[in-house]
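Q: I'd like to ask you about the structure that follows.
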Amino acid sequence: MASLITCPHCGVRPKEEFTIRGDASPIRPQPGAAFEAWDAYVHLRDNVRGVMKEHWQHTGGCRRWLVVERDTFTHDVHSVVDAADFSRAQAAKPAGATTAGKTVKSARPAGKAKAATAAKPGTGRAKP
Ligand SMILES: [Zn+2]
């Protein structure tokens, strides 16, 4: 079954219409920030195994940038929001608050999600 992403502007589309850019959580430092802050912003990323927010562009559709909340292990898409709405919400909220904006829930039915701790058969190492 194809993975589906619900674009807030175009509706449910196959993921092949989208291009991923990566983690949406780093916040751009101020222009006069220290070298270390810029180095971390440009080069350092967490390798998340679980739910994270990523920038995706709907290159095969409206060409808008989106923030997709996705499980990197199960590939389940939890929500999609326009990146402009996400940025406005990030700028307006106090630290630790939740994201507001035009959020679209996943097109996948609930209950199809796999447990994040489940391992695929044959991919684990044999115990000594
Ligand atoms: Zn679109």
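Q: Kindly indicate whether THR6 is assigned to a strand (DSSP E or B) and of a type in the set (Ser, Thr, Tyr).
A: yes
Q: Search the stretch 48-89 for residues being hydrophobic (A, V, I, L, M, F, W, C) and more than 11 Å from the chain's Cα centre (by Cα), and hand back the single one that is modelled with the lowest pLDDT.
A: ALA89
Q: In the stretch 29-80, how many residues are within 16 Å of the ligand (Cβ to nearest atom), out of contact with any Lys or Arg (no Cβ under 9 Å at 6 or more places or on another chain) and not in a strand (DSSP E or B)?
A: 4
Q: Can you name every residue in the stretch 29-56 that is under 23 Å from ASP82 (Cα atoms) and touching a residue at least 60 places away in the same chain (Cβ under 8 Å)?
A: Scanning the stretch 29-56 gives a single hit, GLY50.
Q: Might you let me know whether the stretch 10-28 holds any residue that is within 16 Å of the ligand (Cβ to nearest atom), at pLDDT below 95 and either among the basic types (Lys, Arg) or surrounded by 17 or more Cβ atoms within 10 Å (Cβ to Cβ) (or both)?
A: Yes, the conditions are met somewhere in the stretch 10-28.
Q: If you check ALA92 against the conditions, is it out of contact with any strand residue (DSSP E or B) (no Cβ under 7 Å at 6 or more places or on another chain), away from the ligand (no atom under 16 Å from the Cβ) and modelled with pLDDT of 95 or more?
A: No, not satisfied.
The values are calculated or read from the model by the stated rules, or taken from the named source; none is laboratory data. Source: prediction; values computed, not measured. Heads up, the Cβs are rebuilt from the backbone with ideal geometry, glycines too, and the neighbour counts pull from every protein chain shown.
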